[in-house]
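Some notes on the structure that comes next.
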Amino acid sequence: MTKLVKPVIDSAWLLCWWHRHQAQWLNREADAIRNGLLQDLFAVRRQLELLPGDGSLAAVEHLYHSLEALGNRLSSPYLHDSLPLAIQQALSDWPPQVATRAESPSQWPTEPVEHTMLLLSVLKHLGQTLAAQPSLPQSCVVSLAECSDGKRLTVSVEYEIAVPPALLDLDQSEAWRAYLTTFDLFSQGRASATHGVATLRWFFDW
């Protein structure tokens, strides 16, 4: 007997499922690098340390750090454990010309893997966008807060004179609108922004 599969009509549910599936797959691949290849390379490196000369050791060291960086780009090592630590690790990869710091509580509830990956993707895109502006911010603070009605990630950017016009029009960018719409859809939350003459703040509430 042939059993027909009923098509999924709820496109929001389907998109959420695919995003969760992709996030979990990337996390498994990154874990395989950290717990498999990197551990094997570490054992080889220890063996080479016992041999005369350091040419081979330097090559293995370079390969080790390259694989470690690849694993971290695929998926934060803190994805399962801590959103604050995952954000700090993500900010360490921001372009160095963008002065930034993280402010977050030491304790934070466990977030779904796909939600944390989405927030990290938003921050990565934002860091690249800030670095591409003709003037750089004096400071950028990424903060987490939890209150009775939900959680909030805030990105506060301050400039010496004025916010670059391109940032004020960032919501017209196709990529940025896609990120914000995806956040709204997948987190069942809301993204918003406010600005002054020299300040700009993005809020991600869920």
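Things worth noting here:
- Test set (1) more than 22 Å from TYR78 (Cα to Cα); (2) in contact (Cβ under 8 Å) with a residue 12 or more places away in the chain; (3) part of a helix (DSSP H, G or I) - THR181 fails condition number: (2)
- Pairing each residue of the stretch 5-33 that is modelled with pLDDT of 75 or more with any residue that is open to solvent by 80 Å² or more (accessible area, probe 1.4 Å), provided the two are 6+ apart or on different chains, yields C-beta distances under 8 Å for ASN27/HIS80.
- Just one of the listed residues (THR100, THR116) is touching a Cys at 6+ places or on another chain (Cβ under 9 Å), modelled with pLDDT of 90 or more and crowded, with 17+ Cβ neighbours inside 10 Å, namely THR100.
- Inside the stretch 59-97, residues that are under 27 Å from LEU136 (Cβ atoms) and hydrophobic (A, V, I, L, M, F, W, C) make up a count of 8.
- Of all residues assigned to the stretch 39-57, none qualifies as being of a type in the set (Gly, Ala, Ser) and in contact (Cβ under 8 Å) with a residue 40 or more places away in the chain.
- Qualifying residue in the stretch 46-66 (condition: closer than 30 Å to LEU144 by Cα, among the aromatic types (Phe, Trp, Tyr) and modelled with pLDDT of 80 or more): no
- Of everything listed in (1) modelled with pLDDT under 95; (2) in contact with a Phe, Trp or Tyr (Cβ under 6 Å, 6 or more places away or on another chain), the single unmet condition for LEU168 is (2).
- Where helices (runs of 4 or more DSSP H) sit wholly within the stretch 30-127, those with at least 2 residues that are closer than 18 Å to THR154 by Cβ occupy 83-91.
- If you go through the stretch 184-206 and keep only what is assigned to a strand (DSSP E or B), of a type outside the set (A, V, I, L, M), open to solvent by less than 50 Å² (accessible area, probe 1.4 Å) and closer than 20 Å to SER121 by Cα, you end up with SER192, TRP202, PHE203, PHE204, ASP205.
- Filtered residue count, the stretch 160-178, keeping only those that are within 22 Å of ALA90 (Cβ to Cβ) and buried (at least 17 other Cβ atoms within 10 Å of the Cβ): 3
The values are calculated or read from the model by the stated rules, or taken from the named source; none is laboratory data. Owing to the predicted nature of the structure, the values given are computational and were not obtained by experimental measurement. For neighbour counting, all protein chains shown are included, and Cβ atoms are generated from backbone atoms with ideal geometry for every residue, glycine included. Heads up: the accessible areas ignore ligands, DNA and RNA and are worked out on the full protein's heavy atoms, side chains in. Shrake-Rupley method; radii C 1.70, N 1.55, O 1.52, S 1.80 Å.
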